[in-house]
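Notes follow the structure.
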Amino acid sequence: MKFFSRIKDIVSSNVNHALDKLEDPQKMIKLMIDQMGDTLVEARTSLAASIASKKRCESQKKVLDESINRWEKRANMAVEKGLDDFAREALVEKKSLLSRIESLSQELATYQSIIESKQEQIVKLEKKLQQMKDQAGTMTARVQHAEEKIKTEKQIHDTDGADIIRKFQEFENKVDKLEAEAQMAGFYGSRTSESKFAAMESDEEIEKELEALKASLKTEKTAVKVPAEAKETK
């Protein structure tokens with residue numbers, strides 16, 4: 001039926017095209033909702049047409065039923081009056097009408113089946129349409145989140161790695177420099193202390209040398225004085 005093919009067309013053409021592009025999720029979702037709404041309107045129109053066709057068949061069947069009853073009464077009346085020829089003619093007309101009414105009954109059964117099928121499909125379409133409307137906001141948010149994630153990952157992937165490595169090396173060099181300065185600061189402190197102790201040791205050696213020099217001079221003076229006194233004694 002036409003409206004069933006309409007649903008198939010939506011899924012296979014416009015919606016798929018929108019899904020492939022995904023340029024504007026809000027427009028895409030609105031497009032699907034609008035097209036589902038159009039399909040629902042067409043399905044209801046088709047249902048109304050089927051119901052109208054069924055009613056026409058029912059009206060025709062009613063007319064035939066009335067005609068059959070009328071020809072049956074005529075046949076009975078002709079038999080009562082002994083008019084067999086008229087009775088046969090009435091029965092022929094009745095049989096013809098019964099054939100037509102049988103065809104109409106089959107047509108009515110077909111229309112009833114079509115109507116029930118369309119009603120079932122309309123209920124499904126209504127539920128699906130409502131579901132799409134209820135989920136429209138969530139679907140839009142999900143699409144936007146996915147697109148933002150893809151964009152972020154692409155930016156990370158496209159980032160120049162050499163620039164990051166260079167910056168990291170510059171940072172590493174700064175750290176090395178700071179560590180070297182810290183080490184030299186400790187080294188200078190040690191040299192200062194060592195210099196102080198070296199100066200103290202030097203002063204002590206000088207003092208010892210001075211004392212030794214004094215002692216040497218004193219010894220020499222004593223040696224000179226002793227011989228002089230000895231001469232005077234003689």
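Across the stretch 93-100, rounded Karplus estimates of 3J(HN,Hα) from the backbone phi angles (6.51 cos²θ - 1.76 cosθ + 1.60, θ = phi - 60°) give 4, 4, 5, 4, 5, 5, 5, 5 Hz, Gly and Pro being marked x.
Of Lys62/Lys95; Lys61/Lys124; Lys27/Lys151; Lys124/Lys151; Lys154/Lys177; Lys62/Lys127, which sit over 27 Å apart, Cα to Cα? Over 27 Å Cα-Cα: Lys61/Lys124; Lys124/Lys151; Lys154/Lys177; Lys62/Lys127.
Values quoted throughout were computed directly from the atomic coordinates according to the rules given, and no laboratory measurement underlies them. For clarity, every value in this text was computed on a predicted model and none was experimentally measured.
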